[in-house]
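*Asks:* Structure below; questions to follow.
The values are calculated or read from the model by the stated rules, or taken from the named source; none is laboratory data. Note that the structure is a prediction, hence the values are computed from the model and not measured. Methodologically, a virtual Cβ is constructed for each residue, glycine included, from the backbone with ideal geometry; neighbour enumeration extends over all protein chains shown. Calculation scope for accessible area: heavy atoms of the full protein, side chains included, ligands and nucleic acids excluded. Shrake-Rupley method; radii C 1.70, N 1.55, O 1.52, S 1.80 Å.
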Amino acid sequence: ALMVPLFIGVVFIAITFAVIGQAALAVSQLAYNGARYAAVNPNLSTSQVAAYIQSGNIGSPTITGDGGANLTVSVSRAGGSYQPVTVTVTYNLQSNAVVGLMAKVLGALGYGSSFPTTLSATEIVMSE
């Protein structure tokens, strides 16, 4: 009877870490796709590229939901052809329901929460 709560706790913690891992992979992929989009569209402004990334047209719906409200996107260009384009995407992980719930549950049990609060990825791609 004592093993059931322990097993359930381990399962929920494993699910939480799987969600964090999926979000980290999605942020990295979104940064790459955004940098590639900026590189092949050199005539777009940095704000247009950032708006496209946040729109949800590319990337996982788990992080681009709500119109990218939980994303911070930074785009910088060196200028000119064959120059690097740098895109940094930061995701507010606390907005994720599963991670937020587990942080509250562990905090209520006295364990405190040591989950990350944000995930960030930076990609650099040469423009064409």
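For (1) in contact with an Asp or Glu (Cβ under 9 Å, 6 or more places away or on another chain); (2) modelled with pLDDT of 85 or more; (3) aliphatic (A, V, I, L, M), each residue gets a yes or a no:
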residue: 76; (1), (2), (3): no, yes, no
residue: 82; (1), (2), (3): yes, no, no
residue: 91; (1), (2), (3): no, yes, no
residue: 100; (1), (2), (3): no, no, no
residue: 111; (1), (2), (3): no, no, no
residue: 114; (1), (2), (3): no, no, no
residue: 120; (1), (2), (3): no, yes, no
residue: 127; (1), (2), (3): no, no, no
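*Asks:* Yes or no: residue 6 in a helix (DSSP H, G or I), within 30 Å of residue 128 (Cα to Cα), open to solvent by 60 Å² or more (accessible area, probe 1.4 Å) and free of Cβ contacts under 8 Å to residues at least 40 places away in the same chain? Break it down stepwise before answering.
*Replies:* On the way: in a helix (DSSP H, G or I): yes; within 30 Å of residue 128 (Cα to Cα): no; open to solvent by 60 Å² or more (accessible area, probe 1.4 Å): yes; free of Cβ contacts under 8 Å to residues at least 40 places away in the same chain: yes.
The answer is no for residue 6.
*Asks:* When the stretch 20-53 is examined, which residues are found to be under 11 Å from the mean Cα position of the chain (by Cα) and not small (Gly, Ala, Ser)?
*Replies:* Filtering the stretch 20-53 for residues under 11 Å from the mean Cα position of the chain (by Cα) gives 20-31.
Within the stretch 20-53, 20, 22, 25, 27, 29, 30 meet the criteria.
*Asks:* Of all residues in the stretch 27-56, how many are in contact with a Leu (Cβ under 9 Å, 6 or more places away or on another chain) and within 14 Å of residue 81 (Cα to Cα)?
*Replies:* Residues that pass the stated criteria total 1.
*Asks:* I've got another one for you. Does the stretch 32-46 hold any residues that are without any contact (Cβ under 8 Å) to a residue 24 or more places away in the chain and assigned to a helix (DSSP H, G or I), and which are they? It would help to see each step written out before you state the result.
*Replies:* To start, the set of residues in the stretch 32-46 that are without any contact (Cβ under 8 Å) to a residue 24 or more places away in the chain comprises 37, 41, 43-45.
37 - this is the single residue of the stretch 32-46 that is without any contact (Cβ under 8 Å) to a residue 24 or more places away in the chain and assigned to a helix (DSSP H, G or I).
*Asks:* Is one or more of the residues making up the stretch 59-67 crowded, with 19+ Cβ neighbours inside 10 Å and over 15 Å from the mean Cα position of the chain (by Cα)? So that I can check it myself, show each step before the final result.
*Replies:* Going residue by residue through the stretch 59-67, those that are crowded, with 19+ Cβ neighbours inside 10 Å are 59, 63-64.
Adding the requirement that they be over 15 Å from the mean Cα position of the chain (by Cα) leaves none.
Within the stretch 59-67 (the criterion being crowded, with 19+ Cβ neighbours inside 10 Å and over 15 Å from the mean Cα position of the chain (by Cα)), the answer is no, since none of the residues qualifies.
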